[in-house]
Structure formats: C-alpha cells, structure tokens
Amino acid sequence: MVDSPASEVLVIRSHAGPYRVELVDDAFARLEPEGRFVIDARVAELYGAQLSGILQSGSALVIEASERAKSLDRFDNYIEQLAAMGIRRGEVLVAIGGGVIQDITCFIAGTLFRGLEWRFYPTTLLAQADSCIGSKSSINVGALKNMLGTFTPPARVIVSTSLLDTLADQEVRSGIGEMLKVHAIDGQASFAAIARDYDRLLDDRETLRRYIRASLEIKRVFIEEDEFDQGRRNVLNYGHSFGHAIESATDFAIPHGVAVTIGMDMANDVAKTLGVTGTDTVERMRPTLRTNAAAFDEVDIPPHALLAALAKDKKHVGADLTLVLPDAQGRIAVLRVPNDDAFREACEAYLARRHAG
Ligand SMILES: NC(=O)c1ccc[n+]([C@@H]2O[C@H](COP(=O)([O-])OP(=O)(O)OC[C@H]3O[C@@H](n4cnc5c(N)ncnc54)[C@H](O)[C@@H]3O)[C@@H](O)[C@H]2O)c1
Ligand SMILES: [Zn+2]
C-alpha cells in the first residue's frame with residue numbers, strides 16, 4: 001500500500017514525545033500482527049474478514065462497547081485475560097474501536113506493568129475527530145462516570161474514514177457534535193463554515209475527512225499547550241458540563257456527542273438569560289445544533305436530575321459553577337457563575353421551552 005502524503009499526517013507533541021496521526025484510506029491494511037489487541041466486538045463482527053488473522057491469533061481481547069464495559073470492576077477480567085495470553089512488560093497494546101475501547105486500552109496502557117506503549121485505530125467519528133488525541137484515559141467507578149484516569153498518549157493513531165460507513169446515524173451525529181464544538185471554540189467563522197457544510201458531512205466522505213482533520217488541528221493547539229488540563233484546555237469542555245448532566249439525567253439515553261450538542265445550546269441559552277452573552281450567539285448556532293440533536297427531541301430531560309448532576313460536576317469550585325460559556329463578544333470562555341436561583345431558573349426555563357418545541 002502506498003504511504004499517505006505528508007499532508008495527511010499530523011504530529012502531536014506530548015510529554016512522552018511526539019506521535020503521528022495518519023489519515024489513510026484503508027487502516028486495516030496497515031495492521032501489523034505484533035502486540036496484543038483490544039477490539040470492539042461490533043467491529044470484530046463487521047470487519048471479521050480483515051481482522052481474522054488477529055482474531056484467531058489468541059492475542060485479542062474482544063469487548064462489547066458500553067459505559068459498563070469501562071467500569072473499574074471489569075478490569076480484573078481484562079487483566080486476567082491479557083495475562084492468560086502471556087502479555088509481558090515492553091509489549092504493545094493496539095486498540096481498535098471507539099472511545100470506550102480507547103479509554104479501556106489507554107487506562108490499561110497507563111497502569112499495566114506501570115506503562116505500556118499503545119496504538120489506536122479509531123472506528124467511530126467521535127474517536128477519529130476528537131478523542132484519539134489528547135492523552136486522556138477515563139474510566140467509570142460504579143455510577144460515577146470518568147472518575148479514574150491517566151494521561152497516557154498513544155504512540156501512533158491511524159484514522160480511516162472508510163470504517164465509518166458501518167456506523168449508526170446517531171453515532172455519526174455524536175461525532176459531529178464534538179466537531180461542531182471545536183469549531184465553535186475556534187471562532188465564529190469556523191463554526192459558520194462547518195454549519196454551512198453540515199449536510200455534506202453526512203453524505204460526502206471527502207468533506208467529512210477534511211473536517212475531521214480540521215477538528216484535530218484545532219484541538220491540537222489546546223492539548224499541546226495544556227496537556228494536563230491545567231488551564232487553556234478547559235475550554236474544550238464547552239457543552240460538556242451541561243452535556244454530562246444531560247447524559248446522567250437521561251440515564252445515558254442520548255449519545256455523548258449529541259448530549260454535548262444540546263449542552264452547547266443550553267450553555268448559550270443560559271448565558272443569554274444571565275446576561276453573560278448577547279442573543280446573537282444563541283440564534284447563530286441554534287439551527288445547526290437543533291438539527292444535529294433532532295433525533296432525540298422527544299427524550300425527556302428532568303430538570304431536577306439535571307440540576308443535581310450539574311452541582312456534582314467535579315470541575316466546580318466552592319459555591320460557584322465553573323462553566324464554559326459564550327462571553328459578551330460571543331467567544332467561548334471559561335467563566336464562573338453563582339449556583340443561585342437565577343442560574344437554576346435559567347436552566348429550568350431552557351428545558352421547559354425545549355419541551356414546548
Ligand atoms: N478519553 C478521552 O479523551 C475521551 C474523549 C471523549 C469521549 N470519551 C469516551 O468515549 C466514549 C464514547 O465513545 P464513542 O462515541 O466512540 O462510542 P463507543 O466506543 O461506545 O461506540 C459507539 C457504538 O458504535 C459501535 N461501533 C464502533 N465502531 C463502529 C463501526 N466502525 N461501525 C459500526 N459500529 C461501530 C460500538 O460497538 C458502539 O456500539 C464515552 O465513554 C466517553 O466518555 C473519551
Ligand atoms: Zn466529549
């Protein structure tokens with residue numbers, strides 16, 4: 001297979017050294033048999049022919065992707081299976097799947113034998129356009145989402161949009177949610193560009209590939225400057241405080257990136273009600289955000305559960321909420337907002353209007 005042109009390689013700097021993200025046509029043609037594999041069960045089934053050598057090698061841990069699968073209590077079993085395969089210090093772990101498989105593999109790579117090298121073949125749009133770079137692993141503990149984690153950058157990422165042909169529509173929208181997010185953070189012109197091309201993201205592979213790359217380029221600047229999430233990177237949580245609360249309040253009925261999409265609209269709306277930003281931010285972004293989340297319009301988001309989940313967000317300091325909101329100029333910024341009646345009423349009003357249609 002021909003090597004991808006230099007323009008299709010991004011190099012990401014990390015504390016463990018630089019790593020390459022390669023955008024290629026056929027990721028699985030590049031699979032090398034060495035290492036131990038962690039593979040999404042659905043992907044193993046759909047791409048069984050291409051992956052047959054690996055699946056039959058006795059070196060593959062096959063996992064059904066779900067939030068439960070990245071729960072701490074499952075890790076005894078994963079480590080026992082890897083140990084039964086004979087995994088040793090110095091070996092390489094290779095992840096093939098979406099964000100769930102990434103989080104599991106990255107966490108094991110960060111902790112097993114105090115550190116192993118890992119590589120990643122992301123198979124969901126969310127993982128290709130967003131989570132594959134940034135070093136983070138996050139796993140769940142009981143009902144507490146993403147409570148444990150490490151900063152363990154991959155050694156190499158190989159992205160192929162052809163794997164997205166089999167992805168469910170709601171997972172595509174979930175990935176687009178994260179792409180809309182980084183473009184919004186990049187500025188109004190970037191958001192306007194991706195909003196204009198929204199329909200083409202769904203039916204034109206080349207457009208999608210271009211925006212995956214653009215999304216990674218935007219995220220790269222933040223994670224290279226603030227790999228350990230001490231400051232500048234926090235802005236990447238736009239839509240996420242509300243989004244996580246929406247996921248929790250709906251018992252994960254809404255995929256992550258779609259919850260983030262609703263979360264951005266809610267952040268804009270609440271910021272407007274509180275006088276933090278003007279009306280134009282809401283109106284400028286709403287049509288695209290609404291379209292992206294439309295399949296989940298009927299899912300009820302109970303205000304009480306949402307407010308309780310928001311108050312528990314681990315990023316908050318004291319009585320104030322630390323939220324990523326549009327500021328007076330419409331720029332996405334990290335702001336402190338009092339967790340008072342005005343804030344709660346703004347949230348309730350948003351949810352009431354959402355139900356009213
Ligand atoms: N560590 C990070 O930086 C980071 C960042 C964002 C999200 N996450 C985590 O990622 C998870 C969400 O990841 P996700 O959105 O990629 O979902 P996922 O890994 O749960 O995959 C979604 C669904 O798509 C299926 N699937 C995967 N690839 C497929 C393909 N090519 N064709 C058909 N089906 C396929 C999976 O089996 C699963 O059913 C969440 O747990 C979130 O917390 C982690
Ligand atoms: Zn996210």
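The values are calculated or read from the model by the stated rules, or taken from the named source; none is laboratory data. Here the structure is a predicted model, which is why all the values come from computation and not from measurement. Ideal geometry is used to build each Cβ from the backbone, glycine not excepted, and the neighbour counts take in all protein chains shown.
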(message) Suppose we filter region 225-244 for residues that are in a loop (DSSP other than H, G, I, E, B) and within 11 Å of ligand 2 (Cβ to nearest atom); how many remain?
(response) 2
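Answer yes or no: is there a residue in region 160-170 that is part of a strand (DSSP E or B), free of Cβ contacts under 8 Å to residues at least 60 places away in the same chain and within 11 Å of ligand 1 (Cβ to nearest atom).
No.
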(message) Tell me the residue from THR322, THR288 that is touching a Leu at 6+ places or on another chain (Cβ under 8 Å), over 24 Å from ASP199 (Cβ atoms) and among the hydroxyl-bearing types (Ser, Thr, Tyr), please.
(response) THR322
(request) Confirm whether GLU247 is acidic (Asp, Glu) and either closer than 21 Å to GLU8 by Cα or not in a helix (DSSP H, G or I) (or both). (result) no
(request) Could you please find all residues in region 216-228 being within 14 Å of ligand 1 (Cβ to nearest atom) and closer than 16 Å to LYS181 by Cβ? (result) LEU216, LYS219, ARG220, PHE222, ILE223
(request) Could you please find all residues in region 217-241 being surrounded by fewer than 20 Cβ atoms within 10 Å (Cβ to Cβ) and of a type in the set (Gly, Ala, Ser)? (result) GLY231
(message) It is to be established whether one or more residues within region 327-337 are acidic (Asp, Glu), in contact (Cβ under 8 Å) with a residue 24 or more places away in the chain and assigned to a helix (DSSP H, G or I).
(response) no
(request) Output the residue which, of all residues in region 171-202 that are free of Cβ contacts under 8 Å to residues at least 12 places away in the same chain and farther than 18 Å from THR281 by Cα, is surrounded by the most Cβ atoms within 10 Å (Cβ to Cβ). (result) ARG200
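One line per residue, one yes/no per condition, for (1) loosely packed, with under 15 Cβ neighbours inside 10 Å; (2) more than 30 Å from ASP169 (Cβ to Cβ); (3) in contact with a strand residue (DSSP E or B) (Cβ under 9 Å, 6 or more places away or on another chain):
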site	(1), (2), (3)
THR288	no, no, no
ALA295	yes, no, no
LEU307	no, yes, no
ALA311	yes, yes, yes
LEU325	no, no, yes
VAL337	no, yes, yes
ASP341	yes, yes, no
(message) Looking at region 174-189, can you tell me whether even one residue there is at pLDDT 95 or above and at positive phi?
(response) yes
(message) For region 102-141, give me each residue that is more than 16 Å from ligand 2 (Cβ to nearest atom) and surrounded by fewer than 24 Cβ atoms within 10 Å (Cβ to Cβ).
(response) PHE107, GLY110, THR111, LEU112, PHE113, ARG114, GLY115, LEU116, GLU117, ARG119, VAL141
(request) Just need a number here: residues in region 240-262 that are within 13 Å of VAL324 (Cα to Cα), of a type in the set (Gly, Ala, Ser) and within 12 Å of ligand 1 (Cβ to nearest atom). (result) 1
(message) Checking the conditions here, which among ASP269, ASP300 is away from ligand 2 (no atom under 16 Å from the Cβ), among the acidic types (Asp, Glu) and either surrounded by fewer than 19 Cβ atoms within 10 Å (Cβ to Cβ) or free of Cβ contacts under 8 Å to residues at least 40 places away in the same chain (or both)?
(response) ASP300
(request) Output the residue which, of all residues in region 2-15 that are in a loop (DSSP other than H, G, I, E, B) and either modelled with pLDDT under 95 or buried (at least 18 other Cβ atoms within 10 Å of the Cβ) (or both), is nearest to ligand 1 (Cβ to nearest atom). (result) SER14
